[in-house]
Each structure stands twice: as structure tokens, then as C-alpha cells.
Amino acid sequence: MADEFSIEDAVEIKKTEAITNHDVKAVEYFIKAGLDKCSPQSGIKEWVHFGLTSQDINNTAIPLLWKNSIELEYLPAIINLQHAIGKLALAWKNIPMLARTHGQPASPTRLGKELMVFVERLENQIQLFSYIPFTAKFGGATGNFNAHHVAFPKYNWIKFADDFVEKKLGLQRQQYTTQIEHYDTLAAHFDAIKRINTIFIDFCRDVWAYVSMDYFKQKTKKGEVGSSAMPHKVNPIDFENAEGNLGIANALLEHISAKLPVSRLQRDLTDSTVLRNIGVPIAHTLLSIKSIEKGLGKLILNEAKLNADLDNNWAVVAEAIQTILRRENYPNPYEALKELTRGKHAIDKKTIHAFIGTLKISAAVKKELKAVTPFNYVGI
């Protein structure tokens, strides 16, 4: 029967719902009508929705739908994007790059390592996500199996419910509930997705910054326009679009995760209203993932610009010099390098080497210091 469900059937249910003002009851009547047609003498139709409340349906169906969407769509999408970032990190693992803290030049890093920061952050959050179970509620009108027990007092309804939810549906049954499930684990899923989205927002902003600094060029297509007024523009719109969609998703996830675990006494209807919208933030998230993938595919490394920035910032080797001098027990090396470099605008290789020449240290140490450049001072 499920395989034969049609648009016309859905319309019929909606017509019934217009009378009942209750979606699950309308579905119950539809199923009973179908049983009357195919097996009018069977006497089984009153077993439909036996002893149940609407949330025994919703709080098993929705977690099952959610589980399938996460396992079949969401997780594969973010894992694929994580792998794509990882491939770029591997390709650019030896590319030196000027780091920036507080927006100012800092000790150099490697482009591949900076991308690996995001790979690791995503890996950690995906792992945390995997620990959160998919839970369901199944226990009657107020979670006590009242109707089931009064009809069949000798039957083990708890075992029945556990077997149905866990063995048939592959979900984890909450043992003590009101009319609705707790939603704590579902809220944890939303919070986990929000954290992952925040990592992607951070990633988009960093790539956007690298594009603005000309570290990346972007592939163009014939006929494509970057600005209606400025013909030269090639804007990082994929990362901007992704950031916008991730922001919308997180705003919704924040409300949903905060709202669902709160319900008056044994139940009010606010959870139903919110549950109808859980697909919306996931849709915005998946759109953002596609945008990031598209943007990554356009990036062209501009190694010349990275090298030029390094060569224009010889002051960043001051940390290396003062650290080696500390090793040699040289007096006040930090202060000496601070006096040389802080706030100065004309620090180049010649300046650094001239300073090294004035130091009262061995020739071997001077040679060691002069070997340090912004291009090789990148750590491990």
C-alpha cells in the first residue's frame, strides 16, 4: 500500500484533516478506509493506532527520517568537503606563507598547515556528532502505556516497545517520557551541526581574506560578470553565499535546539510547530557546502604574491633571532630585537643581517642566524 501512495491520496488526507484539524487522525482514517476496501471483514482496522497518541507516530517517524537524512545526505556531504580541503592542504603543504595575528604580520606558517587546522576541527566535530544517538518516544498518551496496559495487563509492553523501536526502526527508545520525547539528543544534533557550520563560516572568511590579499586568483568563465559597474571584478561570491546560508542555518538551529527540549508539563504543541522546520537549516547547510566546493574548485594559488609578502616582512624573523640568542645566554635579546623592529617600516634582509653583524657572538651562531629567512622560518 505504501508503494502505491499517490498525490491523490495525499489530497484526500488533507481534505480529512480540514475537518479533523488533526494530521495524524486524518492519516488513521485514511488507513482504516483502505482496510475497509481491501479487507472489510478482517476486523483489524481498530488495531490501527491502538493505544497510541500522535507523538508515538511523530516521535518515531521524525527521528527515523532525521537519521536517514543525516547518514545518507548530511554526513557524506561534510565528509566529502573535509576531504576536498584535505587534498588542497596536501598539495600546498610546503608553501610558506606570512601569518597574521590581529591582522598584522606574524611568524610565518605554511598554507597547507593552515588548511589542516580546518580538517582537524571538522574531524573532531564529526567524531563528536557520531556519539549522539538517534532517540525516539513510544509509550502512549503520557508515556506510561496506560491504554495498552489496561487492555492487556499481562503483556510486556515495555519489551514490545523496545523491540519495535530499537530492532525494527534502529532507534534508541527513551524509557521515561511525557507525551513527547525529550528532544535533548535531537537538540544535541542541532548544536553539533551549528558548531560544524561555524567552522565552515571561519573557513569561508579566511579564504575570502586570502583572495582579497591576492594569495588566490579565481578561475573565470567566458561571459561571466563580476560586477555590473566594474568590468575587472572577480568576486569570491561562492564563499560569501556559503557564509550567508550558514548564518541562516545557525540562526534557525539555535532557536530549534533551545526550543524543543522545553514543553509545558506533559506536553504542549510548540514542539510540533518547530519540528516541521528542521529540514530548512539542513537545506541551507547543504547549499553552503555546494557553494564552498564550487569556490574551492575555482582557486588558483598565486605563489608569487605569497613570496612577495614574505620578502617584504623580514621583521618576522626577529622571534627566531631573539630565541637563538636566548639559547646562547645573550643579554636582553628580546629588548634588542624590539628596539630594532617594532613599528619600523624599512626592515629588510640587509637590515637584519647588519644587526646580526653587530652582535658579540661566535661566527658560527652569526651564520646560523643569517640562515633564517621568512621563507624557511615556518616551524615543523
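FYI, it's all coordinate maths here, none of it is from the lab. The structure displayed is predicted, hence computed values, not measured ones. So basically every Cβ, Gly included, is an ideal-geometry build from the backbone, and we count neighbours across all protein chains shown.
Side notes on the structure shown:
- Amide H partners (placed H, <5 Å) of Gln218, local residues excluded: Ile300
- In Å, descending, principal axis extents of the Cα set of region 2-47: 29, 22, 12
- Rounded Å value of the spacing that divides the Cα centres of region 236-293 and region 125-143: 18
- Between Glu339 and His149, the contour length at 0.36 nm per residue exceeds the alpha carbon distance by 60.0 nm.
- In sequence order, calculated HN-Hα J values of region 252-262 (Karplus, 6.51, -1.76, 1.60; Hz; x Gly/Pro): 5, 4, 4, 5, 4, 5, 7, 7, 4, x, 10
- Sites Ala33 and Asp268 - FRET efficiency at Förster radius 45 Å, r taken between beta-carbons, to 0.05: 0.90
- When the charge dipole of the chain is built from unit charges on Cβ atoms (+1 for Lys and Arg, -1 for Asp and Glu) and taken about the Cα centre, the candidate among Ala136, Pro261, Gln125 whose Cα reaches farthest toward its positive end is Gln125.
- Under 18 Å from the Ala84 label point (7 Å along Cα→beta-carbon), backbone N, region 255-294: 282-294
- GNM remark for the chain: springs join alpha carbons under 10 Å apart, and the peak mean-square fluctuation among Phe129, Phe164, Phe216 falls on Phe164.
- Share, in percent, of DSSP beta bridges within the chain that are antiparallel, nearest 5: 80
- Cα long-axis angle, helix 7-20 against the chain (0 to 90 degrees, to the nearest 10): 70
- Interatomic Cα distance distribution for region 251-341, bins of 10 angstrom, percent: 12, 19, 13, 12, 16, 16, 10, 1
- Cross-link table Lys259/Lys298; Lys15/Lys168; Lys45/Lys168; Lys67/Lys259; Lys219/Lys349; Lys87/Lys367, entries beyond 28 Å C-alpha to C-alpha: Lys259/Lys298; Lys15/Lys168; Lys219/Lys349; Lys87/Lys367
- Shown in residue order for region 75-87 are the 3J(HN,Hα) couplings computed by the Karplus curve 6.51 cos²θ - 1.76 cosθ + 1.60 at θ = phi - 60°: 4, x, 5, 6, 5, 4, 5, 4, 5, 5, 5, x, 5 Hz (x for Gly and Pro).
- Relative contact order, whole percent, for region 54-303 stands at 20, derived from Cα pairs under 8 Å and 6 or more residues apart.
- For Met97, the residues whose modelled amide H falls within less than 5 Å of its own, excluding neighbours fewer than 5 places apart on the same chain, are Thr109, Arg110, Leu111.
- Calculated from backbone phi, Karplus (6.51, -1.76, 1.60) coupling profile of region 321-330 in Hz, x at Gly/Pro: 5, 5, 6, 5, 5, 4, 4, 8, 6, 6
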